[in-house]
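The structure appears below as structure tokens.
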Amino acid sequence: MDFGGGDEIRFETMGQAGVVTLTRPKALNALTGQMVHALAAALNAWEKDASVRLVLVRGEGRAFCAGGDIMDVYRAGRAGERHVEFFADEYRMNAQLARFPKPYVALIDGIVMGGGVGISAHGSHRVMTENAIVAMPEVGIGFFPDVGGSHVLSRLPGAFGMYMALTGNRVRQGDALAVGLATQTIRSESQQEFVEALTASGEVEEVLRRFHVAVPAETDAATFAAIERHFSQETLEAALASLKEEAGAGDAFASKTLATILSRSPTSLKVAWREIRRGADLSMDDCMRMEFRVLNRMLDGHDFYEGIRAVLVDKGSTPVWNPPTLDGVSDAAAEAYFAPLGDRELIL
């Protein structure tokens, strides 16, 4: 079955299901434009196909999907070009997935970050094994939580989504289940049996009940309470002040979290704070339109290219942010990222 994905993504019908397999394991299944277009085409076809009762998506190798393949975007930006259309197509596909009327089961056995969250979190079911590692690490590369991050993260309980957005910290299976990033958890060793049962019967809820194995959260109740206390503040400055106060009193969690945040792009932090707060009151489509506005300004800026240089090009080097501190990013400058684009707005 060919929806134009080449050797980067495979489509099959198995029993009652349309099955999507990301097939770039050496690149941790990072999304390309070709993969985005193919997945969108498959969803269009399978939505109308009565023989397909559900869609299952999975990844080859040790990652579900580690994000978007952004090196082309980086190289284009360094050459003075802007690859906006890759993001526009990806955002349209994310919105399409959120509207998909059939069960959409993401089987996550490994790394899922950025664009990988975009092709899993908006579906009806996120099934994670003990190997799952979830993160939205964009502020660490001078970017922002996109692909519908404003919609997903803003709706997690206890301000956990804001914590994820501002730290970029990784979340394991138990915490993902506790906050709703995962809808079910299964053992990695049962994946093949799970896929066979799901595709054969098409009875999603019954099969999930049979394979689900409850797991405890990795984070204790006191730390969850601390996350809510710090990250539900009314402003970014108040959240940082709260962390600083407890760090000064010797609290290890506050100290480590504060240090992590202060290493991130100041511009990204101020934009991400606003994005997540606003996303809570927006529909998925409106979140994507808002994120596209921010995306356009990020591609015109400095920190995104500097972050990619430090993390992916000169691996392990320290990025030099501009402005270098939060004090250097005015409220007006942060607000400018959200201004309308006129005739360049995202059309869904």
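The values are calculated or read from the model by the stated rules, or taken from the named source; none is laboratory data. All values derive from a computational prediction rather than experimental measurement. Every residue, glycine among them, receives a Cβ derived from its backbone with ideal geometry; neighbour counts consider all protein chains shown.
The table below lists the values:
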item	result
Search result, residues across region 221-266 that are under 23 Å from the mean Cα position of the chain (by Cα), among the small types (Gly, Ala, Ser) and more than 15 Å from Met162 (Cβ to Cβ)	Ala259, Ser263, Ser265
Hits in region 134-174 - residues which are crowded, with 22+ Cβ neighbours inside 10 Å, closer than 14 Å to Phe224 by Cα and free of Cβ contacts under 8 Å to residues at least 60 places away in the same chain	Met164, Val171
Checking Leu28 against (1) touching a Cys at 6+ places or on another chain (Cβ under 9 Å); (2) within 18 Å of Gly202 (Cβ to Cβ), the condition it does not meet	(2)
Complete set of residues in region 1-48 that are in contact with a Gly (Cβ under 9 Å, 6 or more places away or on another chain) and charged (D, E, K, R)	Glu12, Arg24, Lys26
Check on Asn29, at pLDDT 95 or above, among the polar types (S, T, N, Q), within 26 Å of Met290 (Cβ to Cβ) and out of contact with any Lys or Arg (no Cβ under 6 Å at 6 or more places or on another chain)	no
Pick from region 209-234, criterion free of Cβ contacts under 8 Å to residues at least 24 places away in the same chain and not in a helix (DSSP H, G or I), ranking: surrounded by the fewest Cβ atoms within 10 Å (Cβ to Cβ)	Glu234
Set Ala182, Ala241, Ala226: member being aliphatic (A, V, I, L, M) and more than 30 Å from Gly328 (Cα to Cα)	Ala182
Residue that is nearest to Leu258 (Cα to Cα) [pool: residues in region 301-341 that are surrounded by fewer than 15 Cβ atoms within 10 Å (Cβ to Cβ) and charged (D, E, K, R)]	Asp327
Only one of Glu81, Glu47, Glu85 that is surrounded by fewer than 23 Cβ atoms within 10 Å (Cβ to Cβ), modelled with pLDDT under 95 and in a helix (DSSP H, G or I)	Glu85
Ala76, sole failed condition from (1) farther than 19 Å from Leu346 by Cα; (2) buried (at least 19 other Cβ atoms within 10 Å of the Cβ)	(2)
Condition broken by Asn131, with the remaining ones in (1) over 18 Å from Asn29 (Cβ atoms); (2) in contact (Cβ under 8 Å) with a residue 60 or more places away in the chain; (3) out of contact with any Phe, Trp or Tyr (no Cβ under 8 Å at 6 or more places or on another chain); (4) in a loop (DSSP other than H, G, I, E, B) satisfied	(1)
Filtered residues of region 1-41 (kept if surrounded by fewer than 23 Cβ atoms within 10 Å (Cβ to Cβ) and part of a helix (DSSP H, G or I))	Pro25, Lys26, Ala27, Gly33, Gln34, His37, Ala38, Ala40, Ala41
Residue among Leu282, Leu269 that alone is aliphatic (A, V, I, L, M), crowded, with 20+ Cβ neighbours inside 10 Å and within 18 Å of the chain's Cα centre (by Cα)	Leu269
Filter pass, Ala63 being farther than 18 Å from Met113 by Cβ and touching a Gly at 6+ places or on another chain (Cβ under 9 Å)	no
